[in-house]
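Below: the structure, in structure tokens.
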Amino acid sequence: MKKKTLIAILSITYFSGVSQINKDKLLQELSENSCMCIDSISTTNKSPFLINKEVEDCINKQVGAYQIGSKLANIDLTTTSQDIILNTNTNSDDYKASYSKLENYLFKNCITLKEKIGSRDFVNKNSLSTDEKALKLYYKGIDKSNNGNHKKAIKYFKKAIKIDSVFAFAWDNLGLSYRKLNDYDKAIECYEKSLTLDPNGVMPLQNIAIAYQYKEEYHKAIKAFESLAEIDNNNPEIYYGIGLIYALKLKESEKGLDYICKAYNIYDQEKSPYKNDAQTIMNMIYKSMKESGKEEKFIDILKSNNILMK
């Protein structure tokens, strides 16, 4: 069935006493609706592509309302009647601009968005506990962590582990809470414990790399990312993380650019908004390489990754 495109012409008649719509408030309210929808997405045993598609659907549900509200906000109150043209074609500039506005706002203000699109929650043998009390404590810890109360979250995760010492996800999130409190050594200990229970755990491997980055132990961070690549070589965070280290920390622009290009391509395939972050880093590297007289080399690296320079 062909997808229909609606180009609506709304004839609006109003009185001079009608106040205009507050676009900022509208953006906030519609983004909050999208955020609640995104929060309800289950990420367990789902591919990143499917998760990002569901995120996209949550945003799409609010785009039409934002289009209409934006048009109404721009009406000329000195005129008693005028037409408003609304194009709902998802490929139209009007629709894309509204979608982008919502997505950018969410990326800055909806914590759960980044959690969902970065998730790789594949459940293995020791991932979850079979003990009901341990699970309840674990989910209380998750709730506290989501609300930014990491000290309280640590208490719940520790209680869960005391009941079930092989509860890998509890160890993972205990490590994450320590990392949020800048206690990187304890975070790494938790992640390493998790890996003894589940050697293929994506979350601890990814977060060990991040913890080493915060400790400025960059070669250890790269090694951790490479270990992750052995079990999840299509994870864009691996290439993005290594690319950042080489380009911004070790000042090896060419090597960093190649990794960032690989991350960009995977983000693009997954329809992830993190693609914009990768593009920002590519622009930074371009500026640096151009100043060093390596503009042609920059273009060659992009071409080798099937990326056209815009």
task: Scan Leu72, Leu77 and give me the residue that is more than 23 Å from the chain's Cα centre (by Cα), modelled with pLDDT under 85 and surrounded by 13 or more Cβ atoms within 10 Å (Cβ to Cβ).
output: Leu72
- prompt: If only one of Ser145, Ser129 is out of contact with any strand residue (DSSP E or B) (no Cβ under 9 Å at 6 or more places or on another chain), modelled with pLDDT under 95 and more than 23 Å from Tyr212 (Cβ to Cβ), which one is it?
  reply: Ser129
task: For region 282-303, state whether one or more residues are among the charged types (D, E, K, R), closer than 27 Å to Ile51 by Cβ, touching a residue at least 12 places away in the same chain (Cβ under 8 Å) and assigned to a helix (DSSP H, G or I).
output: no
message: Yes or no: region 188-196 includes at least one residue that is under 25 Å from Asn52 (Cβ atoms) and modelled with pLDDT under 95.
response: no
message: Tell me yes or no: at least one residue of region 239-258 is surrounded by fewer than 18 Cβ atoms within 10 Å (Cβ to Cβ), touching a residue at least 40 places away in the same chain (Cβ under 8 Å) and assigned by TED's automatic domain parsing to the domain that holds Leu205.
response: yes
query: Residue check, Lys220 against (1) free of Cβ contacts under 8 Å to residues at least 40 places away in the same chain; (2) over 21 Å from the mean Cα position of the chain (by Cα); (3) closer than 23 Å to Ser288 by Cβ, all met but one. Which one?
result: (3)
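The values are calculated or read from the model by the stated rules, or taken from the named source; none is laboratory data. Nothing here was measured: the structure is a model prediction, and the numbers come from that model. We place every Cβ from the backbone using ideal geometry, glycine too, and count neighbours over all the protein chains shown.
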